[in-house]
Amino acid sequence: MIKIFFHPYFLKPMTVLNAVAKPTARQGALLRVEWSDGHVGYADLHPWPELGDLSLAEQLEDLRLGRMTTQIEQSIWLARRDAVLRKQRKNVFDMGEKIRNNFLLSNYQDLKPGFLDELKKEGFTTVKVKMGQDLQQEAAALTHIAAAGLRIRLDFNALGSWQIFEKFMTGLAPSVRALIDYVEDPFPFDFHAWNEARKLCKIALDNQYDKVPWGKIPSAPFDVIVIKPAKTDVDKAVGYCQKWNLKLTVTSYMDHPVGVIHALGVAMDLKKQHGDMVLEAGCLTHRLFQMDSFSAEIGTQGPYILKTKGVGVGFDSLLEALPWQPVQSP
């Protein structure tokens with residue numbers, strides 16, 4: 001038997017987040033989960049309706065009715081991880097292996113003179129670029145990133161088509177293409193078209209994860225699985241990587257700092273367990289939003305997030321002080 005409480009919040013973006021995000025404050029809810037064995041843990045619930053998630057109101061209503069969405073299931077799974085660590089008085093940073101993060105460039109217009117040199121001085125080696133606002137301008141930005149000697153990850157959020165993707169990739173200079181680690185979701189999932197796309201670059205599966213007919217495909221038409229613990233069954237995804245000899249990367253869901261540290265904790269765990277199968281993470285997303293009391297507690301050193309204060313994912317006093325509302329069952 002568990003009791004679940006929630007606390008709604010808003011995150012105010014500092015810049016354009018991606019090609020589909022609305023330029024308004026994003027809404028989510030923190031969850032406090034209490035188990036009958038005395039464990040208490042915290043997690044985040046941050047839907048992206050633009051990417052196919054049910055809205056926060058719909059998910060909370062499902063929770064009230066006893067229905068578990070994929071995101072709620074993952075939130076409860078993460079809350080249990082947090083609860084176990086809190087019971088043991090251990091911090092999530094003590095359990096895994098230190099892992100680097102890529103720098104996330106969600107808006108090519110943020111690429112100012114000297115910016116890339118500063119990233120390199122801070123120790124970043126990889127820049128992930130959200131694509132789809134203006135491909136011509138974004139191609140120019142990639143040229144600058146490659147010239148700086150930084151590796152590149154591209155995320156198209158499945159917004160394009162095979163024809164658009166092929167034209168874009170073949171239009172890039174060989175020196176730029178040589179530095180591309182992979183491209184996430186180049187266009188909506190199609191087994192044969194994605195296999196063709198792999199001839200141009202390595203392909204990563206992210207928001208098209210649920211579109212893959214896992215039990216029917218003879219092979220994986222992608223090279224990397226992007227695991228978002230906020231919505232991905234981590235053990236299943238790791239199993240697919242092992243079955244088809246794929247790489248994986250763990251990213252946050254551009255969500256609350258609690259969600260960010262949960263994702264990083266999973267990334268560190270997987271890095272410790274699976275070594276080179278696990279690529280650089282993508283959990284440095286809290287700085288996309290205006291600072292609040294939670295994000296103020298996240299310290300960074302270049303591509304690394306520093307250990308949070310407290311136990312579990314941290315934020316102990318902040319979480320305890322929130323006005324929690326019970327999720328009422330009918």
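Under conditions of 25 °C and 0.890 mPa s, the range 1-92 yields 172 µm² s⁻¹ as its translational diffusion coefficient, taking Rh as the Kirkwood radius over Cα pairs in the Stokes-Einstein equation.
How big is the dipole moment of the chain about its Cα centre under a simple scheme where the beta carbon of each Lys and Arg is +1, that of each Asp and Glu is -1, and everything else is neutral? Debye, nearest 20, please.
Values: 39 positive and 38 negative charges, 118 e Å.
I would put it at about 560 debye.
Assuming a viscosity of 1.567 mPa s and a temperature of 4 °C, what translational diffusion coefficient in µm² per second does Stokes-Einstein assign to the chain, Rh being the Kirkwood radius over Cα pairs?
Details: Rh = 20.4 Å.
The diffusion coefficient I find is 63 µm²/s.
For the pair GLU320 and ASP110 in one chain, pulling the backbone fully straight at 0.36 nm per residue adds 72.0 nm over the alpha carbon distance.
Just from its helices, what would the mean residue ellipticity at 222 nm be for the chain, if runs of 4 or more DSSP H residues each count -39500 (n - 2.57) and the sum is divided by every residue, rounded to the nearest 500 deg cm²/dmol?
Values: 10 runs with 105 residues, N = 330.
Counting only the DSSP helices, I get -9500 deg cm²/dmol.
Accessible surface computed residue by residue for the chain, with neighbouring protein chains in place and a 1.4 Å probe, gives 44 Å² per residue.
Quick one: pull the percent of accessible area on the chain belonging to carbon and sulfur, 1.4 Å probe, ligands and nucleic acids left out.
Values: 7550 of 14600 Å².
C and S atoms contribute 52 percent here.
For a Förster distance of 30 Å, can you work out the FRET efficiency between the beta-carbons of ALA147 and ASP210, rounded to the nearest 0.05?
Working: r = 37 Å, r/R0 = 1.24.
The calculated FRET efficiency here is 0.20.
The simple spin-label model puts a point 7 Å past each Cα toward its Cβ; for ASN245 and LYS307 those points are separated by 3.9 nm. If R0 is taken as 45 Å, the Cβ-Cβ distance between GLU58 and ALA140 corresponds to a FRET efficiency of 0.65. Go through LYS243/LYS271; LYS3/LYS271; LYS87/LYS130; LYS202/LYS271; LYS12/LYS247; LYS98/LYS120 and tell me which ones have a Cα-Cα distance over 27 Å in this structure. In this structure, LYS3/LYS271; LYS87/LYS130; LYS12/LYS247 exceed 27 Å between Cα atoms.
Against the compact-protein benchmark of 2.2 N^0.38 Å, the Cα-based radius of gyration of the range 92-138 scales to 1.47. Annotation for the range 241-292 versus the range 142-162: alpha-carbon center distance of 19 Å.
The values are calculated or read from the model by the stated rules, or taken from the named source; none is laboratory data. For clarity, every value in this text was computed on a predicted model and none was experimentally measured. Virtual Cβ from ideal backbone geometry, glycine too; neighbours counted across all protein chains shown. With ligands, DNA and RNA removed, areas are computed over all heavy atoms of the protein, side chains included. Shrake-Rupley method; radii C 1.70, N 1.55, O 1.52, S 1.80 Å.
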